[in-house]
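Only one structure is covered here, and it is reproduced in the block below.
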Amino acid sequence: MNATQAGLAPWPHILVVDDDREIRELLARFLERNRFRVTAVRDAREARRTLPNGYFQLVVLDLMLPGESGIDFARWLRSESNIPLVMLTALGEETDRIIGLELGADDYLPKPFNPRELLARIRAVLRRAGEPAGRGPDAPVRMLSFAGWVLEPTRRRLLNPDGAEVPLTGGEYDLLVALVDRANKVLTRDMLLDLLRGRQAGPFDRAIDVAISRLRRKMEDDGRHAQLIKTVRGGGYVLAAEVIRQ
């Protein structure tokens, strides 16, 4: 009997895209033992055919795919959907990792990897995508407003000063929440990575810089003369605005 038949909430459905049959089968068995439903395909072509046929909560994507590359597929996926995306990258391929993050991936893991670490990353990304953020200690916060912008934690969305919604990936939204919750306080890259992923940054980890740059573009905050998300030389980043909680 599966979760749906038992009258419980269905297990999250994950699409694994990897051309290595052994990895696909290992991940499918491991994730299914940990209460996930898994559909595994070998390339981007199969993934494109499969996505419309199932309600998926997350995609695990290997960037080194035959035919259409993982980067190209990630670019297409982001143009169609904000479904959470976890990338698998070759060890040391920092350029591919940075490009993937620029395209809106929510997390990445270099190969070879421990399945338990991937499981922890998947759960963290799903938590960020599915739970309200920005709660106060006593009562839920309905909205956070700053410099004309509005964050709605219960709906996980950002509205610009004209009231139009600005599409954000799960990672971009959580980065903005981390900055807004600590407005006018300098946050180093290590602090931000620790807040968002529960891990410390490596010496050459540009994930936060990439995400900040992407967030600035969406908020039309010129990186060279940023007025809202400011770079602190030798320090990190700060949201320079007063935040009103309602």
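The values are calculated or read from the model by the stated rules, or taken from the named source; none is laboratory data. Keep in mind that this is a model prediction, so the values were computed, not measured. A quick note on method: Cβ atoms are made from the backbone with ideal geometry, for glycine too, and the neighbour counts reach across all protein chains shown. Note: accessible area is taken over every heavy atom of the protein model, side chains too, but ligands, DNA and RNA are not part of it. Shrake-Rupley method; radii C 1.70, N 1.55, O 1.52, S 1.80 Å.
If you check A3, A28, A40, which single one turns out to be touching a Lys or Arg at 6+ places or on another chain (Cβ under 8 Å) and at pLDDT 90 or above?
Details: A3 fails: at pLDDT 90 or above; A28 fails: touching a Lys or Arg at 6+ places or on another chain (Cβ under 8 Å).
Every option except A40 fails the conditions.
How many residues are surrounded by fewer than 21 Cβ atoms within 10 Å (Cβ to Cβ) and assigned to a helix (DSSP H, G or I) if we restrict to region 29-70?
Final tally of qualifying residues: 12.
Any chance region 134-141 includes a residue that's out of contact with any Pro (no Cβ under 6 Å at 6 or more places or on another chain), modelled with pLDDT of 75 or more and at negative phi? Talk me through it step by step, then tell me what you get.
Initially, region 134-141 is screened for residues out of contact with any Pro (no Cβ under 6 Å at 6 or more places or on another chain), giving 135-140.
Checking the rest, the ones that are also modelled with pLDDT of 75 or more come to none.
No, region 134-141 contains no residue that is out of contact with any Pro (no Cβ under 6 Å at 6 or more places or on another chain), modelled with pLDDT of 75 or more and at negative phi.
Does any residue of region 111-122 turn out to be among the small types (G, A, S) and over 23 Å from E172 (Cβ atoms)?
no
Kindly indicate whether A90 is of a type in the set (A, V, I, L, M, F, W, C) and either under 16 Å from L168 (Cα atoms) or at pLDDT 90 or above (or both).
No, not satisfied.
Is there any pair linking a residue in region 27-43 that is within 17 Å of Y55 (Cβ to Cβ) to one that is among the acidic types (D, E) and buried (at least 19 other Cβ atoms within 10 Å of the Cβ), with Cβ under 9 Å and at least six apart or on different chains, and which?
A40/D18; V41/D18
Looking at (1) out of contact with any strand residue (DSSP E or B) (no Cβ under 7 Å at 6 or more places or on another chain); (2) modelled with pLDDT of 85 or more, find the lone condition where R155 falls short.
Checking R155 against (1) out of contact with any strand residue (DSSP E or B) (no Cβ under 7 Å at 6 or more places or on another chain); (2) modelled with pLDDT of 85 or more, the one that fails is (2).
Could you tell me how many of the residues in region 163-201 are among the hydrophobic types (A, V, I, L, M, F, W, C), open to solvent by 70 Å² or more (accessible area, probe 1.4 Å) and either within 17 Å of Y108 (Cα to Cα) or at pLDDT 85 or above (or both)?
Counting residues in region 163-201 that are among the hydrophobic types (A, V, I, L, M, F, W, C), open to solvent by 70 Å² or more (accessible area, probe 1.4 Å) and either within 17 Å of Y108 (Cα to Cα) or at pLDDT 85 or above (or both) gives 1.
So the check is Cβ under 7 Å with 6+ separation or different chains; which pairs have a first residue in region 54-78 that's touching a residue at least 60 places away in the same chain (Cβ under 8 Å) and among the aliphatic types (A, V, I, L, M) and a second one that's assigned to a loop (DSSP other than H, G, I, E, B) and open to solvent by 30 Å² or more (accessible area, probe 1.4 Å)?
Once the first residue is touching a residue at least 60 places away in the same chain (Cβ under 8 Å) and among the aliphatic types (A, V, I, L, M) and sits in region 54-78, its partners that are assigned to a loop (DSSP other than H, G, I, E, B) and open to solvent by 30 Å² or more (accessible area, probe 1.4 Å) give L58/P12.
Suppose the filter is under 24 Å from L58 (Cβ atoms), surrounded by 13 or more Cβ atoms within 10 Å (Cβ to Cβ) and at pLDDT below 85; does E102 pass it?
yes
Name the single residue, out of those in region 219-241 being more than 18 Å from T169 (Cβ to Cβ) and hydrophobic (A, V, I, L, M, F, W, C), that is surrounded by the most Cβ atoms within 10 Å (Cβ to Cβ).
Result: L239.
Does E22 satisfy being modelled with pLDDT of 90 or more, under 18 Å from A90 (Cβ atoms) and of a type in the set (D, E)?
Details: modelled with pLDDT of 90 or more: yes; under 18 Å from A90 (Cβ atoms): yes; of a type in the set (D, E): yes.
Spelling it out, E22 is indeed modelled with pLDDT of 90 or more, under 18 Å from A90 (Cβ atoms) and of a type in the set (D, E).
Could you tell me which numbered condition R128 fails, if it satisfies all but one of (1) assigned to a helix (DSSP H, G or I); (2) crowded, with 17+ Cβ neighbours inside 10 Å; (3) modelled with pLDDT of 80 or more?
It is condition (3) that R128 fails.
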